[in-house]
Amino acid sequence: MNVPPALAKAKFLLLAPVAFRLCLKYKLLLAFRPVAVLNRDSPALRDRIGWPSTSDISRAVYFSARFLPGLRCLPQAFAVRDLMHRYGRPCELRIGVATAGGFRAHAWVTSGGQVVHGQTADSFVPLEAP
């Protein structure tokens, strides 16, 4: 895909409309469906293409999330996973809990052992998939 030079540093904006729709989709689905069902229905990993990068995907979701009030980490992580799989980038959605200082939960996405979306601290213990 040829990107105009003016957009070279902001290519993630080309993904923003798709990221916005996915964030909204998962925000609504999470109101009516269990997380385990949504996590199990992972989209198929497609053949890899060059663009977008993992960073572009994450930035597009962060950017889009700003326009959806109250959008938390879980719908963002689902949206990132969908986009990553759509563009042939293997990843894993992780959900973890922390009990120090009260119960808290967090979701993030990893690829190749590295966190690619959603900052996580050592205080979150990832839950294992059934």
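Every number here is computed from the coordinates shown, using simple stated rules; none is lab data. Bear in mind that the values here come from a model prediction, so they are computed numbers and not experimental data. Here the Cβ positions follow ideal geometry from the backbone for every residue, glycine too, while neighbour counts run over all protein chains shown.
How big is the dipole moment of the chain about its Cα centre under a simple scheme where the beta carbon of each Lys and Arg is +1, that of each Asp and Glu is -1, and everything else is neutral? Debye, nearest 20, please.
360 debye
So how far, in whole Å, is the C-alpha centre of the stretch 13-65 from the one of the stretch 66-98?
Value for the Cα centre distance between the two parts: 6 Å.
State, to one decimal in nm², a quarter of the convex hull surface area for the C-alpha atoms of the chain, i.e. the direction-averaged projected area.
For the chain, averaging the hull's shadow over all directions gives 8.8 nm².
Between Arg21 and Glu92, what is the label-point separation in nm under the 7 Å Cα-to-beta-carbon projection?
3.0 nm
Which of the chymotrypsin sites (Phe, Trp or Tyr not before Pro) across the stretch 7-76 are loop residues per DSSP, with 15 or fewer other Cβ within 10 Å?
Numbers: sites: Phe12, Phe20, Tyr26, Phe32, Tyr62, Phe63, Phe67; in loops: Phe67.
Taking the stretch 7-76 and a limit of 15 other Cβ atoms within 10 Å, the loop chymotrypsin sites (Phe, Trp or Tyr not before Pro) found are Phe67.
At 0.36 nm per residue, and after removing the present C-alpha to C-alpha distance, how many nm does the segment from Asp122 to Arg72 gain when stretched out fully?
My answer for the length gained is 16.0 nm.
Would you mind checking which residues have amide H under 5 Å from His117's amide H? H placed 1.01 Å from N; only 5 or more apart, or other chain.
Close amide H contacts, sequence-distant or interchain: Val109.
Give me Thr110, Thr99 sorted ascending by neighbouring Cβ count inside 10 Å, so fewest comes first.
On the way: Thr110 17, Thr99 10.
So the ranking, lowest neighbour count to highest, is Thr99, Thr110.
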